[in-house]
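Have a look at the structure below, then the notes.
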Amino acid sequence: MKKIASLLVIFLYFLSCKEEMKPLEFKTLSIENTYAADIEVTFDKAKPNSDIAKTVNETIISTILKSIPISETNNPKTIEEALNSFDEEFKTFKTDFEDSEQTWTLAIETEVLYKTENIIAMGLSVYSDTGGAHGNDSIQFLNFNPSSGELYTYEDLFSDMEGFKKLAESYFLDHMKNEGSEATEFFFGKDFQLPENISFNEEGVILLYNRYEIASFNQGYTEFVIPIDKAQEFLKF
């Protein structure tokens, strides 16, 4: 009887491990509240319920919260709280400047770019306009380890960053040539640098420079892809 009980415990242990390691799936959620400001938020949430999914979701929510332009005195714990703060600040603006026709805008969206047993790549796009010459938009990549739910660092992903940097520079120069731009217009007179955002999709390794990162606002985004077979020797998996 004790032997059977021991075998049952072992079986349940391995069954729980199997459930824990089940590949993450994502569902898309939208904030449906009505606001005075023009607010539209759609984001992905990992499922099923597990410690890994919880870690991924905490990172997604934390990153979204940091992207919402609200007063530093506010300390929202949820996306809904942050959006309410943004909306209240807009209402205060309209009270203080009754003649202004300015409408504040906030648009947030995530997208799962790539998913394998080794990595879950996600993009976060944020656009906000609270007045001024133009709105602000940015894209941020999140590279998750599916086994832990934690974010990868570039040291986790690349075995030879210097070698990859040289490869990336050659693709950057080709990209600029195809776009009809001069490489000297970028990096503000400094040497080539890797972007803050590197991730993956079906085509290969994505490199994306946000506005102002390497050039003026008018230059917009700079984005190109290195085929995976060209980058593979510099990757850890």
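The values are calculated or read from the model by the stated rules, or taken from the named source; none is laboratory data. The structure presented is a predicted model; accordingly, all values stated were derived computationally and were not measured. Using ideal geometry, Cβ is built from the backbone for each residue, glycine included, and neighbour counts are taken over all protein chains shown. We work out accessible area using only protein heavy atoms, side chains counted, and drop any ligands, DNA or RNA first. Shrake-Rupley method; radii C 1.70, N 1.55, O 1.52, S 1.80 Å.
Across the Cα atoms of the range 54-199, what radius of gyration and what greatest pairwise Cα-Cα distance (Dmax) are found, in Å?
19.4, 58
Can you give the direction-averaged projected area of the convex hull of the alpha-carbon atoms in the range 167-220, in nm²?
For the range 167-220, the mean projected area of the Cα convex hull comes to 3.9 nm².
Keeping all protein chains in place, calculate the accessible area per residue for the range 73-168 (probe 1.4 angstrom), answer in Å².
54 Å²
Could you state the number of Å between the C-alpha centres of the range 171-237 and the range 111-135?
17 Å
Could you order Leu207, Leu194 so the one with the most accessible surface comes first? Probe is 1.4 Å.
Largest to smallest exposure gives the sequence Leu194, Leu207.
May I ask you to give the percent of accessible area on the chain that is carbon plus sulfur, with a probe radius of 1.4 Å?
Within the chain, the accessible surface is 49 percent carbon and sulfur.
In nm, to one decimal, how far is the Glu72 label point from the Thr42 one, both placed 7 Å along Cα→Cβ?
That separation, rounded to one decimal, is 3.5 nm.
With the cut-off at 29 Å, tell me which of the pairs Lys115/Lys166; Lys27/Lys91; Lys27/Lys77; Lys177/Lys230; Lys27/Lys230 have Cα atoms farther apart than that.
Over 29 Å Cα-Cα: Lys27/Lys91; Lys27/Lys230.
At 7 Å along Cα-to-Cβ for each site, give me the label-to-label distance between Thr105 and Glu80 in nm.
2.7 nm
Which far-off residues, 5 or more places away or on another chain, put their amide H under 5 Å from the one on Asn201, with H placed in the peptide plane?
Correct list: Ile206.
Order Asp96, Asp38, most accessible first, counting only protein heavy atoms with a 1.4 angstrom probe.
Result, largest first: Asp96, Asp38.
Over all alpha-carbon pairs in the range 36-134, figure out the percentage whose distance exceeds 19 Å.
Summing the P(r) tail past 19 Å for the range 36-134 gives 49 percent.
Where the centroid of each part is defined by its Cα atoms, how far is the range 36-82 from the range 156-170 in Å?
Rounded to whole Å, the Cα centres lie 32 Å apart.
Could you give each residue of the range 188-193 its phi-based ³J(HN,Hα) in whole Hz, using Karplus coefficients 6.51, -1.76, 1.60 with θ = phi - 60°, and x for Gly or Pro?
Per-residue couplings from phi come out as 6, x, 9, 5, 4, 10 Hz.
Could you tell me the accessible area of Lys94 in Å² (1.4 Å probe, neighbours in place), rounded to the nearest ten?
Number for this one is 60 Å².
Using a 1.4 Å probe on the protein heavy atoms only, what accessible surface does Glu80 show? Give it in Å² to the nearest 10.
Accessible area of Glu80: about 80 Å².
Work out from phi, with θ = phi - 60° and the Karplus expression 6.51 cos²θ - 1.76 cosθ + 1.60, the ³J(HN,Hα) of each residue of the range 96-105, listed in order in whole Hz, and give x for Gly and Pro.
Per residue, the Karplus-derived 3J(HN,Hα) values read 6, 10, 4, 7, 6, 9, 5, 10, 6, 10 Hz.
With the contact rule set at Cα under 8 Å and sequence spacing of 6 or more, what percent relative contact order holds for the chain?
After rounding, I find 14 percent.
With only Lys, Arg, Asp and Glu charged, each at its Cβ (+1 for the first two, -1 for the last two), find how big the charge dipole of the chain is about the Cα centre; round to the nearest 20 debye.
The dipole of the chain has a size of about 1380 debye.
Once the dipole of the range 48-135 is set up with Lys and Arg at +1 and Asp and Glu at -1 on Cβ about the Cα centre, which of Ile108, Ile79, Asn57 lies farthest towards its positive end?
Most positive-ward Cα: Asn57.
Would you work out which of Leu194, Thr153, Phe90 lies farthest towards the positive end of the dipole of the chain? Charges go on Cβ: Lys and Arg +1, Asp and Glu -1.
Thr153
So what is the 222 nm mean residue ellipticity for the chain from helices alone, if each DSSP H run of at least 4 adds -39500 (n - 2.57) and you divide by all residues, rounding to the nearest 500 deg cm²/dmol?
-11000 deg cm²/dmol
With a 1.4 Å probe and all protein chains in place, put Glu98, Glu58 in order of accessible area, largest first.
Glu98, Glu58
Expressed as a rounded percentage, what relative contact order does the range 17-122 have, with Cα pairs under 8 Å and six or more residues apart?
For the range 17-122, the relative contact order is 30 percent.
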